[in-house]
Amino acid sequence: MDYGLEGKRALVTGSTAGIGLAAARALLAEGALVTVNGRRMERIEAALESLRRSVPGAAVDGFAADLGTGAGCDSLLAYLPD
């Protein structure tokens, strides 16, 4: 199915496991450029490895930030491209 996401940027928070990881995988399969987020970098790295294995050529990156804090939200927003 083509949802017209090719080249669009997607941010998936809470995406190092479970439904968030599955959502990131589905967006990548549709051609979206995906940023995954979680609180710990080691979990993000594991998620990135899993996503790159399951969606070859996936355009995916990750950023560690606790979005339950203002500082975490600010740092993630500063990281994301305009």
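If the condition is being under 17 Å from Pro81 (Cβ atoms) and under 9 Å from the mean Cα position of the chain (by Cα), then region 30-66 contributes Leu33, Val34, Thr35, Val36, Asn37, Val60, Asp61, Gly62, Phe63. Within region 9-41, the set of residues being without any contact (Cβ under 8 Å) to a residue 12 or more places away in the chain and within 19 Å of Gly68 (Cβ to Cβ) comprises Gly18, Ile19.
Residues in region 40-62 that are under 19 Å from Ile19 (Cβ atoms) and either surrounded by 15 or more Cβ atoms within 10 Å (Cβ to Cβ) or among the aliphatic types (A, V, I, L, M) (or both): 11 in all.
Considering region 18-39, and only residues there that are among the hydrophobic types (A, V, I, L, M, F, W, C) and touching a helix residue (DSSP H, G or I) at 6+ places or on another chain (Cβ under 8 Å), the residue that is most open to solvent (accessible area, probe 1.4 Å) turns out to be Leu21. Among the residues of region 3-16, those that are open to solvent by 20 Å² or more (accessible area, probe 1.4 Å), in a loop (DSSP other than H, G, I, E, B) and under 17 Å from Ala58 (Cβ atoms) comprise Tyr3, Leu5, Glu6, Gly7, Lys8, Thr16.
The values are calculated or read from the model by the stated rules, or taken from the named source; none is laboratory data. Only a predicted model underlies this, so the values are computations on that prediction, with no experimental measurement involved. Here Cβ is always computed from backbone atoms with ideal geometry, including for glycine, and neighbour counts include all displayed protein chains. Note: areas computed on protein heavy atoms with side chains; ligands, DNA, RNA excluded. Shrake-Rupley method; radii C 1.70, N 1.55, O 1.52, S 1.80 Å.
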